1. Placing +1 at every Lys and Arg Cβ and -1 at every Asp and Glu Cβ, with all other atoms neutral, what dipole size does the range 390-499 have around its Cα centre, in debye to the nearest 20?
2. Any idea how far the Cα center of the range 226-273 sits from the one of the range 483-503, in Å?
3. Helix-only estimate, please: 222 nm mean residue ellipticity of the chain, summing -39500 (n - 2.57) across DSSP H runs of length 4 or more and dividing by its residues, to the nearest 500.
4. From the phi of every residue in the range 517-528, what ³J(HN,Hα) in whole Hz does the Karplus formula 6.51 cos²θ - 1.76 cosθ + 1.60 yield, where θ is phi - 60° and glycine or proline is x?
5. I need the phi-derived Karplus couplings for the range 351-363: 6.51 cos²θ - 1.76 cosθ + 1.60, θ = phi - 60°, integer Hz, Gly and Pro marked x.
6. Along the positive direction of the dipole of the chain (beta-carbon charges: Lys, Arg +1; Asp, Glu -1; about the Cα centre), which of Ala348, Ala106, Asn565 reaches farthest?
7. If you place +1 on the Cβ of every Lys and Arg, -1 on the Cβ of every Asp and Glu, and leave all else neutral, what size is the dipole of the chain about its Cα centre, to the nearest 20 Debye?
8. Using a cut-off of 14 Å between alpha-carbon atoms, which aspartates and glutamates can reach Lys487, once sequence neighbours fewer than 8 places away in the same chain are excluded?
Amino acid sequence: MKRLLSACLLMAGTFFYWSGAVAESNDNRTADAIQSAMYYNADIRDAEECSMEVRNGQMVALSKDGKLISNPAMTCPDMFSWKLFVDVVKDRFWSNWADESQNWPAKPYPLCEKGESGDCCTPGSNNDKDGHCPYYPGDAHKDRLTALTNAVGSEAEKLAEEILRVGRIPFVDHMNTRQPLKKDGWKLFKSSGDSQNTTPSCDAVVVNGTSTNVVPQILQNFNPPGSESIGRVIRQTNAEVTVRNKTFHEYLYYNDLYNANGVADIYKRNADNLAQDCEIDGNQQVCSNAPYHQPNHSYSAKNKTPSLATVDLPFDAIMIKSNWLHKDLANALNLKGSDKDYVSKHLATQISLDALSIPYDKKANPGGQCNLKGSHYLVAFHVSSKDVPNWVWTTFEHKDLPGRCDYTGCNDAFGYQSQDDLPTGVAKNYVAPNERSDHLNSPSMVFGIDQGYPEEQRTTALTNVFNGMNIGTGDSTSPSEPDPEDKAWLNYRLKGSQVEFVTSTGRPTFLGNSVTEGGFMDGSSCITCHARAGVYVSENDEIDFARLSVFMRSITDYGYARSANGIPNPSWYNVSENPPRLEVLQTDFIWGFLNAQPLDD
């Protein structure tokens, strides 16, 4: 409900009135409690001079008088988000980029010494050595991916099956039970390769000794009554695929960060550098270098023996967390749209049979899972880019997700204009969350959940960029593999962008996705949550990548754990500030190190 109540709001003893240059129309309108609170989410994040155009196949950030904008990621974060959208789509992130099992193999071999071969890994070779070494699929599967792009029908599905990606159950749900790494390591979920080899298809689960199709039971059980939101249901039953571009992948590989030992070495180097007194470490005496830091030497053509003092990704590193929903699950949820309205890919969703109370033979299927294979709809995705030191955070959702602007609203100063019933003279960057009356004896306006939102109007500026970069200019040719020109790309909307922990006035910034953060979106902050990604190494050499959890010790109104927002607390990382002692070493906002395993000796 977007109508404003014709009453004033009493909050903390003060009357708040909707004010501003809106006297010409909708006179006498006042803001209710939700609308007043949303004022701080509706800020215009792009400077007024921001514009972008396509020149020689490249997107260029310009001021409206034609000057180059030196730092568009900070000056024009919403516009820059759409540049990232186009860049990652053109680069076919869904198939070319490395997923987490390809970045961090389950049983990693060490890096090869010069001239060495055998049980070791050589960066750039794309020989995964039966899952022991990283590899980049855009190079390793280049010919297959080219054939898949050009294939249609059953041939496309067959090719997609050969290089099938299996989305994982959201890892944060396992964090309460995980333990620090020891010699044998730990794994939150099976790698894509393991899942394909050992996990049965959901249409062939052994039940009472017979191969059984349990897909009908999955469709019946996955959406129980009383769920917090459709976004939360999708979150728990989607193929979540996190991928990283070639720059990111090669940084991990060449700098020996594809295994837990390499990351632990950086922690120890920092801890030793900060040591208060001289100590004996093995056969060496280590003394404090405070206040001086060690230089960071990452791999390069000139520096082939890296010595990292910190994890610091290159400026063009990008990571994406994407949410893909099996077509049958989408239909069961009555999501609007058809195959043509969604970007689609042949994937597999991990289904927990125990969680959905579906019987199976435990001896035949000790993992208790099955792979729900088939065409999946891309419903939402996060993009994170290292264009600024604390990364650019941005998230997109399909326009037909019923809760996409719930709780926080949607904010886009560049690509799409709000179709809210707006007063005269206000900006069109913000879509306010839906509201409803609670219909009590003393009624209040509360959030209206999963009601859907009217389509925003695409701006001429974004239309020109899409046309110039050939995004969304044609029809989809296959439900098994997307193309950049698929018209369905026009159905995704920017939820918001984030480049700072707080505003210039000290208010925490927020960003969440109704799927990825389903259940705790109201207080979500991508930048703060990822600032807690780090590593701790004990005196016994136990490696803990979740010393700082994704979640804080507080809960939402629905009982789900809440993530952090606002400015990071220095005590998260150091036991005390004077004298300082390292507790957790930040790993450049990368939770993916949770997948890093000890070297396979």
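The values are calculated or read from the model by the stated rules, or taken from the named source; none is laboratory data. Small disclaimer: the values here were computed from a predicted structure and weren't measured. Here the Cβ is made from the backbone with ideal geometry for all residues, glycine too, and neighbour counts use every protein chain on show. SASA here: full protein model, heavy atoms, side chains in, ligands and nucleic acids out. Shrake-Rupley method; radii C 1.70, N 1.55, O 1.52, S 1.80 Å.
1. Once rounded to the nearest 20, the dipole reads 300 debye.
2. Between the Cα centre of the range 226-273 and that of the range 483-503, the gap is 21 Å.
3. -5000 deg cm²/dmol
4. Per residue, the Karplus-derived 3J(HN,Hα) values read 10, x, x, 9, 5, 5, x, 7, 9, 4, 5, 6 Hz.
5. Going residue by residue, I get 10, 8, 5, 5, 4, 9, 6, 9, x, 7, 7, 5, 5 Hz, with x marking Gly and Pro.
6. So the residue furthest toward the plus end is Ala348.
7. Rounded to the nearest 20 debye, it is 360 debye.
8. Asp339, Asp341, Asp475
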